[in-house]
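**Q** One structure, pasted below without further comment.
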Amino acid sequence: MSRGNSAGFDRHITIFSPEGRLYQVEYAFKAVNQAGMTSVAVRGKDAAVVVTQKKVPDKLLDPSTVTHLFNITENIGCVMTGMLADSRYQVKRARYEAAAWKYKYGHDIPVDVLCKRIADISQVYTQSAEMRPLGCMMIVIGYDDESGPMVYKADPAGYFCGYKATACGVKHIEANNFLEKRVRKKQDYTLNEAIEVAISCLSSVLSADFKAHELEVGIITKECPKFRTLTEAEIDVHLAALAERD
């Protein structure tokens, strides 16, 4: 009986195709790109930075309520790329896991342990027929007393890893190529350098000159290990510095 390559095998998440692929999980990765967003994270010497686009889809929306940057704990933040409803659910679950850890052990959850837990939960969604994978990717940043700044990424398949710099979303391949070249030249970025590398990466791969209200920037530093987002005025300073250099 001759059938198309994916015929029937993309109906159920639990069925492998003859080539050994799970099509529903691959479709979840495509769903991440549907929002048309690209996010970048860079780890510096004493800081970690996440930068993403800020798109307000409707003029009637209040821009201050539209965000892809979230606090998980006071000292751990993340940028979500993909379907916003799925993203909010995953952030809520991450906050629950972080709170449960603190209640049980009496101290904040480490960044890598949190990301591993989120990835483990995402992996379970690829096994059972009654759940679907989440159409979002999470990049988590935090500062660890022993390891310094940390950048971790978890995807819909349940894979997670630590990164020196990474990107996800529509132009993630081009962004990763850009970051590879920069990281090869230098790794011990200061906070300002890390922010400017991330912004210039987005500008380069999207061929756009951003204004301050079109970007969101989240940072964590050794001096101030609490996750915070930059104001438009602070973003403007970095955009001006980049413009002068060009």
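**Q** Being touching a helix residue (DSSP H, G or I) at 6+ places or on another chain (Cβ under 8 Å) and hydrophobic (A, V, I, L, M, F, W, C) narrows it down to one of ALA94, ALA119, ALA100, so name that one.
**A** Going through ALA94, ALA119, ALA100 in turn, the sole match is ALA94.
**Q** Go through ALA233, ALA167, ALA243 for me and flag whichever is open to solvent by less than 80 Å² (accessible area, probe 1.4 Å), at pLDDT 95 or above and not in a loop (DSSP other than H, G, I, E, B).
**A** Residue meeting the stated conditions: ALA167.
**Q** Only one of these is surrounded by 15 or more Cβ atoms within 10 Å (Cβ to Cβ) and of a type in the set (Phe, Trp, Tyr): PHE16, PHE29. Name it.
**A** Sole residue among the options that is surrounded by 15 or more Cβ atoms within 10 Å (Cβ to Cβ) and of a type in the set (Phe, Trp, Tyr): PHE29.
**Q** Okay, next question. Hey, any hits in segment 5-17 for a residue that's without any contact (Cβ under 8 Å) to a residue 24 or more places away in the chain, part of a loop (DSSP other than H, G, I, E, B) and among the basic types (Lys, Arg)?
**A** The first filter runs over segment 5-17 and keeps only residues without any contact (Cβ under 8 Å) to a residue 24 or more places away in the chain, leaving 5-11, 15-17.
Narrowing further to those that are part of a loop (DSSP other than H, G, I, E, B): 5-11, 15-17.
From what is left, the residues that are among the basic types (Lys, Arg) are 11.
Checking segment 5-17: at least one residue is without any contact (Cβ under 8 Å) to a residue 24 or more places away in the chain, part of a loop (DSSP other than H, G, I, E, B) and among the basic types (Lys, Arg).
**Q** So, in segment 33-58, how many residues would count as being in a helix (DSSP H, G or I) and either in contact with a helix residue (DSSP H, G or I) (Cβ under 9 Å, 6 or more places away or on another chain) or acidic (Asp, Glu) (or both)?
**A** If we filter segment 33-58 for residues that are in a helix (DSSP H, G or I), which is where we start, we get 33-34.
The next check asks that each one be either in contact with a helix residue (DSSP H, G or I) (Cβ under 9 Å, 6 or more places away or on another chain) or acidic (Asp, Glu) (or both); those that pass are 33.
Total meeting the criteria: 1.
**Q** From VAL217, VAL197, VAL183, which residue is of a type in the set (Val, Ile, Thr), buried (at least 16 other Cβ atoms within 10 Å of the Cβ) and part of a strand (DSSP E or B)?
**A** When all the criteria are applied, what remains is VAL217.
**Q** In the set VAL113, VAL124, which member is assigned to a helix (DSSP H, G or I), β-branched (Val, Ile, Thr), open to solvent by 20 Å² or more (accessible area, probe 1.4 Å) and modelled with pLDDT under 95?
**A** Residue meeting the stated conditions: VAL124.
**Q** Does ALA208 meet the test of being among the hydrophobic types (A, V, I, L, M, F, W, C) and crowded, with 18+ Cβ neighbours inside 10 Å?
**A** Answer is no for this residue.
**Q** Separate question: List pairs: first in segment 53-64 and within 17 Å of ALA35 (Cα to Cα), second of a type in the set (S, T, N, Q) and at pLDDT 90 or above, Cβ under 8 Å, 6+ apart or cross-chain?
**A** Every condition considered, the pairs that remain are GLN53/THR38; GLN53/SER39; LYS54/THR67.
**Q** Let me ask you something else. How about segment 43-61: which of its residues are of a type in the set (Val, Ile, Thr) and under 16 Å from LYS171 (Cα atoms)? Let's see the steps before the verdict.
**A** From segment 43-61, those of a type in the set (Val, Ile, Thr) are 49-52, 56; that's our starting set.
Answer for segment 43-61, where residues must be of a type in the set (Val, Ile, Thr) and under 16 Å from LYS171 (Cα atoms): VAL50, VAL51, THR52.
**Q** Kindly check whether there is at least one residue in segment 187-194 that is over 18 Å from VAL111 (Cα atoms), of a type in the set (A, V, I, L, M, F, W, C) and not in a strand (DSSP E or B).
**A** yes
**Q** Exactly one condition in (1) closer than 26 Å to SER207 by Cα; (2) open to solvent by 20 Å² or more (accessible area, probe 1.4 Å); (3) in a strand (DSSP E or B); (4) of a type outside the set (Lys, Arg) is not met by TYR152; state its number.
**A** Just one mismatch for TYR152, condition (1).
**Q** I would also like to ask the following. Step by step: first the residues of segment 3-48, then only those that are modelled with pLDDT under 85 and of a type in the set (Lys, Arg), then the one that is nearest to ARG132 (Cα to Cα). Which residue is that?
**A** Filtering segment 3-48 for residues that are modelled with pLDDT under 85 and of a type in the set (Lys, Arg), the one nearest to ARG132 (Cα to Cα) comes out as ARG11.
**Q** Just name the residue that is farthest from THR190 (Cα to Cα) out of those in segment 143-154 that are touching a Cys at 6+ places or on another chain (Cβ under 8 Å) and not hydroxyl-bearing (Ser, Thr, Tyr). Show your work before the answer.
**A** So in segment 143-154, the residues touching a Cys at 6+ places or on another chain (Cβ under 8 Å) come out as 152-154.
Adding the requirement that they be not hydroxyl-bearing (Ser, Thr, Tyr) leaves 153-154.
Working: LYS153: 21, ALA154: 25 Å.
Among them, the one singled out is ALA154.
The values are calculated or read from the model by the stated rules, or taken from the named source; none is laboratory data. Only a predicted model underlies this, so the values are computations on that prediction, with no experimental measurement involved. Using ideal geometry, Cβ is built from the backbone for each residue, glycine included, and neighbour counts are taken over all protein chains shown. Areas reflect the complete protein model, heavy atoms only, side chains present, ligands, DNA and RNA absent. Shrake-Rupley method; radii C 1.70, N 1.55, O 1.52, S 1.80 Å.
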